[in-house]
Amino acid sequence: MTATIIDGKAFAAGIRAKVAEHVARLKADHDIVPGLAVVLVGEDPASQVYVKNKGRQTHEAGMKSVEHRLEADTSEADLLALIDKLNSDESIHGILVQLPLPDHLDSDLVINAIDPAKDVDGFHISNVGLLGTGQKSMVPCTPLGCLMMLRDQLGSLSGLNAVVIGRSNIVGKPMAQLLLGDSCTVTIAHSRTKDLPEVVRRADIVIAAVGRAQMVPGDWIKPGATVIDVGINRIDKPEGGTRLVGDVEFDSCAEVAGAITPVPGGVGPMTIACLLANTVTACCRANGLEEPE
Ligand code: NDP
């Protein structure tokens, strides 16, 4: 193996430590405690794990954590009423509605009901527009975590060819915006892209956000490229049981890449760390205080 393994777990621990320091200063100097409310509708097992981890890490950083677990058949009106209540609750600075929502609920409507200043996921249409026009916004956590790791690994990203595989609103599109903001030449690939291997071979930076286990093999990777694997896929192990893998074939890509994130332990831990950082940022903005870097 030649690639540097980017340790997202350690990086995320560093961010959480900085968040905790900032939270302690807000408490000591201003008697303010940043608060994050997470809303979970239904019983999706993966979402339950995420919500539990978010709550635990919010607490550990010294912040207020509130969880609202609603029945799967909760009406849109009841969910919107809860969001309204959280919007006007001054002890809550960040609101996150865990996606996916059950089918009878309109995700766009629900997300756009969140006060954009409290939209720590950065999915509200106002934040999407602000990010797209290079203005101060709430930045979606997963792409933000990827950008932080890239800057740490590469320094300036200016002029590099970046290929983002996946065009979802929560990962692919905001990732492309962030890379453009850092002056990369950005290509967004998706299921209709022609000759994906050739497109990926041109990339100095590859971001895989597809949701297809080990789809990207090492012979698609330009030697020395930096590979960020966002995918989280559960596959069967030959000896029984299951394991998590990403969207890239780790072993073959690590032979060619300059640096690569593992799954698990890469992008995943960064997402929650960035959520905590976004909540502190929202809290500082709400109180007219200096934001963390
Ligand atoms: P979506 O399903 O919303 O989007 C997947 C994207 O991949 C789509 O744009 C789709 O194209 C594209 N795609 C599908 N098949 C192919 C293909 N054969 N070739 C090229 N592109 C293809 O997924 P998300 O963006 O929500 O998530 C992507 C992955 O990232 C998932 O594994 C998810 O679990 C993981 N994830 C991880 C997070 C973390 O914290 N680490 C956070 C969020 C997501 P098209 O638009 O044409 O259909």
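Rule-based calculations on the coordinates, nothing more; no lab input. Please read these numbers as outputs of a predicted model, since none were measured by experiment. Glycine gets a Cβ as well: all are built from the backbone with ideal geometry, and neighbour counts include every protein chain shown.
In debye, nearest 20: dipole of the range 144-293 around its Cα centre with unit charges on the Cβ of K, R (+) and D, E (-)?
With Lys and Arg at +1 and Asp and Glu at -1, about 480 debye.
Spit out the partnerless Cys residues in the chain, using Cβ distances under 4.7 Å as the pairing rule.
Flagged as lacking a Cys partner: Cys146, Cys184, Cys253, Cys283, Cys284.
Using +1 on the beta carbon of Lys and Arg, -1 on that of Asp and Glu, and nothing else charged, what's the dipole of the range 56-113 about the Cα centre, debye to 20?
340 debye
Using Cα centres only, tell me the gap between the range 119-168 and the range 1-41 in whole Å.
18 Å
What value does the chain have for Rg/Rh, both radii from Cα atoms and Rh as Kirkwood defines it?
0.97
How large is ³J(HN,Hα) for each residue in the range 92-108, as worked out from phi by the Karplus curve 6.51 cos²θ - 1.76 cosθ + 1.60 (θ = phi - 60°), to whole Hz, x for Gly and Pro?
Couplings: 10, 10, x, 10, 10, 9, 5, 9, x, 8, x, 4, 6, 9, 8, 4, 4 Hz.
R0 = 35 Å: FRET efficiency of Lys136 with Lys194, Cβ-based, nearest 0.05? Walk me through the numbers on the way to the answer.
Numbers: r = 37 Å, r/R0 = 1.06.
My answer for the efficiency is 0.40.
Between the range 243-293 and the range 195-232, what's the alpha-carbon centroid distance in Å?
Taking the Cα centre of each part, the range 243-293 and the range 195-232 sit 18 Å apart.
Could you give the dipole magnitude of the range 74-142 about its Cα centre, charging the beta-carbon of Lys and Arg +1 and that of Asp and Glu -1, in debye to the nearest 20?
Here the range 74-142 has a charge dipole of around 320 debye.
How big is D for the range 30-121, in µm² s⁻¹ as a whole number, if Stokes-Einstein is applied with the Kirkwood radius of its Cα pairs at 20 °C and 1.002 mPa s?
160 µm²/s
Calculate one ³J(HN,Hα) per residue across the range 225-240 by plugging θ = phi - 60° into the Karplus curve 6.51 cos²θ - 1.76 cosθ + 1.60, and present them in order as whole Hz with x for glycine and proline.
Result, rounded to whole Hz: 5, 9, 10, 10, 9, 8, x, 10, 10, 9, 10, 6, 8, x, 7, x.
Place the peptides 130-137, 34-41 in order of packing, highest mean first, counting for every residue the other Cβ atoms within 10 Å and averaging per peptide.
Going from most to least packed, we get 34-41, 130-137.
Which of Gly265, Ile170, Cys184 sits farthest toward the positive end of the charge dipole of the chain, with +1 on the Cβ of Lys and Arg and -1 on the Cβ of Asp and Glu?
Cys184
Sort 167-173, 92-98, 12-18 for me by packing, meaning the mean count of neighbouring Cβ atoms within 10 Å per residue, highest on top.
The most tightly packed comes first, giving 92-98, 167-173, 12-18.
Using the alpha-carbon atoms, what tilt in degrees (0 to 90, nearest 10) does helix 8-30 show relative to the longest principal axis of the chain?
In the chain, helix 8-30 runs at an angle near 20 degrees to the longest axis.
Below 8 Å between Cα atoms, with a sequence gap of 6+, how large is the relative contact order for the chain in percent?
Numbers: 582 pairs, mean separation 64.0, N = 293.
Normalised by residue count, the contact order of the chain is 22 percent.
222 nm [θ] for the chain, helices only, -39500 (n - 2.57) per DSSP H run of 4+, per residue, to 500?
For the chain, the value works out to -13000 deg cm²/dmol.
Which order do peptides 179-187, 73-81, 231-239 fall in by mean Cβ count within 10 Å, highest first?
Working: 179-187: 17.9, 73-81: 13.8, 231-239: 11.7.
Descending packing order for the listed peptides: 179-187, 73-81, 231-239.
What's the angle, to the nearest 10 degrees (0 to 90), between helix 172-181's Cα axis and the longest principal axis of the chain?
The answer is roughly 80 degrees.
What is the sum of charges around Ile125, taking Lys and Arg as +1, Asp and Glu as -1, for the other residues whose C-beta is under 11 Å from the C-beta of Ile125? Don't skip to the answer; put the middle values down first.
Working: positive: none; negative: Asp108, Asp119.
Net of charged neighbours comes to -2.
With viscosity set to 0.692 mPa s and temperature to 37 °C, compute the Stokes-Einstein D of the range 145-293, Rh being the Kirkwood radius across alpha carbon pairs; µm²/s, no decimals. Mind dumping the intermediate values first?
On the way: Rh = 16.1 Å.
Stokes-Einstein gives a translational diffusion coefficient of 204 µm²/s.
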